[in-house]
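Here the structure comes first, spelled out in structure tokens, and everything after it is commentary.
Every read-out reported here was derived from the displayed coordinates using simple, explicitly stated rules and does not represent laboratory data. These numbers were taken from a predicted model, which means no experiment stands behind them. Backbone-built Cβ (ideal geometry, glycine too); neighbour counts: all protein chains shown.
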Amino acid sequence: MGSLPDLEIPPPLTSRISTVVPATPRGDQNGAYQLNYMDLLMKLHYIRPVFFFNSEAVRGLSISDLKEPMFPLLDPYSHVSGRIRISESGRPFLKCNDAGVRIAESHCERSLQEWFDENGSCSFDGLVHDHVLGPDLGFSPLVFVKFTWFKCGGLSVGLSWAHVLGDAFSALNFITKWSQVLAGQAPPKSLQLPNHPEPKISPNSIYENPPTSIKRATIIGDYWLASSDSNVAIHSFHLTSKQLHQLVTIDATNKTKPSSYFEIISALVWKCIANTREDFGPKVVTVCKSTSNRAQNEFPTNDLVLSKIEVDVSVGKCDISDLANVIAEKNIVENHVMKKVVEQGEGKEDFIVYGANLTFVDLEEGDIYGVKLNGQKPIMANCTFRGVGDQGVVLVLPAPEDKEGDGNGRIVTVSLPKKELQKLKHKLEGEWGVDCASL
């Protein structure tokens with residue numbers, strides 16, 4: 001079953017928690033923000049990026065300095081500091097009531113290097129607030145930002161962002177805006193409402209079919225978190241630009257049009273996972289992408305395209321190039337079907353998306369290194385999702401610039417049941433030479 005934070009056990013890092021509210025009170029102008037079908041589909045998921053900075057990047061900064069930019073930033077982001085309400089019909093919405101976001105400050109008795117040596121960059125225990133909405137939704141903050149000071153003078157910035165507010169691109173944009181205000185830039189006076197076209201429906205998509213990219217969920221008590229039958233673990237590995245070039249070269253020998261890095265990486269991981277299973281599956285996976293480039297000051301939104309990818313052959317025996325081609329060319333968009341399912345249930349039902357099928361999420365264009373302190377990028381950044389289903393999720397993210405200076409690689413962060421994750425690491429290392437040691 002899924003787990004919840006045990007409020008009786010102190011966290012591994014001691015924390016002080018405070019609240020930041022918009023600089024300009026809304027007063028009687030408190031409004032309601034209506035959640036669309038994609039917001040409601042994602043309500044049981046949480047986005048958790050962490051950014052690591054060395055001591056030089058945070059020299060001279062205090063917790064007051066770090067909190068101060070959040071006050072004016074929340075003025076245009078009014079619904080981010082709101083709270084969930086349930087309408088008379090049972091459909092959730094956001095009340096823009098200036099209740100604020102939570103700021104946590106903690107201290108770690110290890111240096112950054114000691115932390116990396118012991119935990120790697122995909123272990124967020126204690127660096128992101130253990131944040132789940134509920135049991136009293138009316139008092140549950142939608143966002144936590146946690147600052148953890150290390151004994152070497154370094155700092156981690158951990159964000160826990162309720163997915164109901166917007167997708168990973170929106171979460172990264174929000175925390176990047178915070179760092180820009182910290183650097184002296186004025187916060188945006190207002191945010192642009194997204195004006196993106198509806199995802200294009202594939203010709204072979206049948207409207208009446210139930211969507212395979214989501215499944216109904218059983219939640220834990222009054223918490224917005226799905227129960228789970230597996231103990232999902234997380235691991236990240238780094239593919240260098242040289243390794244990516246080799247994979248694309250292999251792919252290009254079988255195709256006239258080379259695949260994107262995301263498609264090649266997804267094909268590689270899909271094949272390796274299939275080879276760890278007796279049935280050489282799964283034969284159906286989900287691909288999650290953003291619909292388009294985001295405007296700089298865009299209102300947070302869940303602007304995602306969810307596609308079903310299906311093959312009728314043994315995945316474990318496929319060439320990576322063939323799988324990459326299927327991912328690129330044979331996707332069936334299911335957004336329109338999912339919208340129908342949510343609206344038929346009047347927005348009251350609970351679903352999971354990440355891990356309903358094995359899910360591949362394209363975050364290659366996510367500006368995870370756009371967060372800067374004193375003009376310096378993080379030495380490492382990563383992102384995970386909470387609330388992942390038993391089939392697992394694979395995130396493809398930008399990596400820091402390679403030491404050789406010949407381009408950027410990719411960070412691949414995988415959430416799978418523990419036994420499957422160990423088999424995947426063994427397969428990647430033994431057959432593909434990927435270094436799966438903790439980052």
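In plain terms, if you count all Cα to Cα distances in segment 15-182 and split them into 10 Å steps from zero, the share in each step is 10, 38, 34, 14, 4, 0 percent.
The alpha-carbon positions of segment 215-432 define a convex hull whose volume is 161 Å³ per residue. Highest mean first, the peptides 365-373, 180-188, 37-45 sorted by other C-beta atoms within 10 Å per residue fall in the order 37-45, 365-373, 180-188.
For segment 215-432, build the charge dipole from Cβ charges (+1 Lys, Arg; -1 Asp, Glu) around the Cα centre, then report which of 356, 341, 424 sits farthest towards its positive end. The one lying farthest along the dipole's positive direction is 424. Cross-link partners of residue 177 among lysines, defined as those whose alpha carbon lies under 27 angstrom from its own and excluding same-chain residues fewer than eight positions apart: 43, 67, 95, 146, 189, 289, 372, 377.
Excluding same-chain residues fewer than 8 positions from residue 425, which lysines have a Cα within less than 19 Å of its Cα? The reachable lysines, counting only those whose Cα sits under 19 Å from residue 425, are 271, 317.
Taking 16 Å as the straight-line reach from the Cα of residue 419, the lysines in range (excluding those fewer than 8 positions away in the same chain) are 427. Only helices reaching 15 angstrom along their own axis (Cα) with mean Kyte-Doolittle hydropathy no lower than 0.5 count here, and for the DSSP H runs of the chain these are 168-182, 261-274.
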